[in-house]
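Notes for the one structure printed next.
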Amino acid sequence: GHRLSRMDMAREVLKKFIEKRPNDRIGLVAFAVDAFVVSPPTLDHEFLMRNLDRLQLGMVPRQRTAIGSALATAVNRLRDVKSKSKIVILMTDGQNNAGKIAPLTAAEAAQALGVKVYPIGVGTRGLAPMPVYAFGQKYYQEMPVDIDEGMLQQIAKMTAGKYYRADNSEKFQAIYAEIDKLEKTEAEVKKYAHHRELFPWVVSIGLSLLLAEVVLGQTVFRRLP
């Protein structure tokens, strides 16, 4: 019912996704003209959430978008992770026009390392209001949303992932819910139980009572016919 930036929308949906997967190591990479690790893969989700909350537009220059560098950075962080399922959720609202690594080259590395990539193209088709800052003031200007969907679909196909397009918060939530279902991994858990045998105690008590009856039967407590 009110204007919500793509950044805020992604943040809220991502938080819910993290909450549903408490046993997963999850990391976060932010990118625009450069890519940097906001949080390495970690089980400390409280730490991850704090870093996610601190992430704001403007922390990374947005003139251009280095999708290949971002994907390569994420894949590199997963290289030594021992897990049956390793995935990258790649969210972008632009085309690759920066960085030294081509997106498909990064996708080849992901494929070689068994990392699935789920690209999400964020934003409506056509024109969308984009925040513009001038003289300390923020206002919105209609700008074209230019996403290279063909390239993102190819990345998904190469890595056995799936491409999605999110143009509203409901669809964004549905996408993460689907990924959550697709990436469930069964794990064998060894449980150890300590059993204490009580049978000898029961037998001992029974034998004691039987012996007492035999002994007492030879005394004044014997039963008369």
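Some observations on this one:
- Residues (over 19 Å from PHE31 (Cα atoms) and assigned to a helix (DSSP H, G or I)) located in the range 101-126: GLU108, GLN111, ALA112
- Index of the failed condition, ASP80 passing every other in (1) crowded, with 16+ Cβ neighbours inside 10 Å; (2) not in a strand (DSSP E or B): (1)
- Within the range 123-170, considering residues that are of a type in the set (A, V, I, L, M, F, W, C) and at positive phi, the one modelled with the lowest pLDDT: PHE135
- Close pairs (6 angstrom Cβ cut-off, 6 or more residues apart or separate chains): open to solvent by less than 40 Å² (accessible area, probe 1.4 Å) in the range 156-174, part of a loop (DSSP other than H, G, I, E, B) anywhere: ALA156/LYS162; ALA156/TYR163
- Qualifying residue in the range 180-189 (condition: farther than 22 Å from GLY150 by Cα, acidic (Asp, Glu) and modelled with pLDDT of 70 or more): yes
One line per residue, one yes/no per condition, for (1) over 19 Å from ALA177 (Cβ atoms); (2) at pLDDT 90 or above:
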| residue | (1), (2) |
| --- | --- |
| GLU12 | no, no |
| ILE18 | no, yes |
| ILE26 | no, yes |
| VAL33 | yes, no |
| LEU43 | yes, yes |
| PRO61 | yes, no |
| ILE67 | yes, yes |
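- Residue check, SER204 modelled with pLDDT of 70 or more, open to solvent by less than 50 Å² (accessible area, probe 1.4 Å), among the hydroxyl-bearing types (Ser, Thr, Tyr) and more than 30 Å from ARG79 (Cβ to Cβ): no
- Odd one out for PHE31, checked against (1) more than 19 Å from PHE172 (Cβ to Cβ); (2) surrounded by 15 or more Cβ atoms within 10 Å (Cβ to Cβ); (3) over 14 Å from the mean Cα position of the chain (by Cα): (1)
- Filtering the range 136-155 to residues that are touching a residue at least 12 places away in the same chain (Cβ under 8 Å), assigned to a loop (DSSP other than H, G, I, E, B) and open to solvent by 70 Å² or more (accessible area, probe 1.4 Å) leaves only ASP146.
The values are calculated or read from the model by the stated rules, or taken from the named source; none is laboratory data. What you see is a predicted model; the values in this text were computed from it and never measured. When we count neighbours, we look across all protein chains shown, and the Cβ atoms used for this are built from the backbone with ideal geometry, even at glycine. When the accessible area is computed, the model is the full protein with side chains, heavy atoms only, and any ligands, DNA or RNA have been set aside. Shrake-Rupley method; radii C 1.70, N 1.55, O 1.52, S 1.80 Å.
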